[in-house]
Amino acid sequence: MSVVSRPCRRPETTPPRPSGTPDRAATMTLAITQAGGGQWRFTIVSADGTTLGCSTPYLNKSDARRAAEQIVEGFGTGTVLD
């Protein structure tokens, strides 16, 4: 994947919760947005609309989507390091 470094910005709108999804299941959304200059990023948004984090910009939307999907797949298997 191609990655370039730029500061992260909050998405302009809070992504909608998927319809028909129970509240307990829809705890977070990964919103893919255009970052400017033809670049793409994803932003992790909690169920209450709080921005939890965002990616570095990707050169194309498919790379941003692939990275976001890897995050979703690993949600239950991650480790917190401090």
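Derivation of every value follows stated rules applied to the coordinates shown; laboratory data play no part. Only a predicted model underlies this, so the values are computations on that prediction, with no experimental measurement involved. Virtual Cβ from ideal backbone geometry, glycine too; neighbours counted across all protein chains shown.
When you count the other C-beta atoms within 10 angstrom of each residue and take the mean per peptide, 67-78, 43-54, 27-38 line up highest first as 27-38, 43-54, 67-78.
Can you give the local net charge around ASN60? Use residues other than it whose beta-carbon is closer than 14 angstrom to its beta-carbon, Lys and Arg +1, Asp and Glu -1. List each step's numbers first, then the result.
On the way: positive: ARG41, LYS61, ARG65, ARG66; negative: ASP63.
Cβ neighbours under 14 Å give a net charge of +3.
Full extension of the chain segment joining THR51 with ASP82 gains 9.1 nm, where the gain is 0.36 nm per residue of separation less the Cα-Cα distance.
Using label points projected 7 Å from each Cα along Cα→Cβ, tell me how many nm separate GLU69 and MET28, to one decimal. Going from the GLU69 label point to the MET28 one covers 1.8 nm.
The H on the amide N of CYS54, modeled in the peptide plane, is under 5 Å from the matching H of ILE44, each at least 5 residues off or on a different chain.
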